[in-house]
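Just so it is clear, none of the values below were taken in a lab; they were calculated from the coordinates. These numbers were taken from a predicted model, which means no experiment stands behind them.
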């Protein structure tokens, strides 16, 4: 009985296949993590206490995919995002105070994404 001994070339092919499989799993996992974090960020921004004149500002938060990136944006009242986040000057003098809501949501999203990446890589 002759036993089949694998050569170094076979070992190299096996390692390449394993790395390719791992890379594909990580890539898919990261895409799912980005989508999940973007959805949670939109949900978080919609649930905050926004100015309630019409409710369009809160309803306008959405996500969209551009290439491999997930973008969270306000599709209806995008002009207000900077004014509300940073504050602005009033027409008659004085300032409107800032309502910090985007930066905390971004910080939370970054933290959540890093946790998701760790889960994906650890398997």
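Results, tabulated for the structure shown:
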read-out	value
The chain - mean residue ellipticity at 222 nm from DSSP helices (-39,500 (n - 2.57) per run, n ≥ 4, rounded to 500)	-20500 deg cm²/dmol
Helix 8-47 axis, angle to the chain major axis (alpha carbon atoms, nearest 10°)	20 degrees
Matching label, Rg and Dmax of the Cα atoms in Å computed from the structure shown, candidates (1) 14.3, 47; (2) 23.5, 97; (3) 17.8, 64	(2)
Between helix 102-122 and the chain: long-axis angle, C-alpha atoms, 0 to 90°, nearest 10	10 degrees
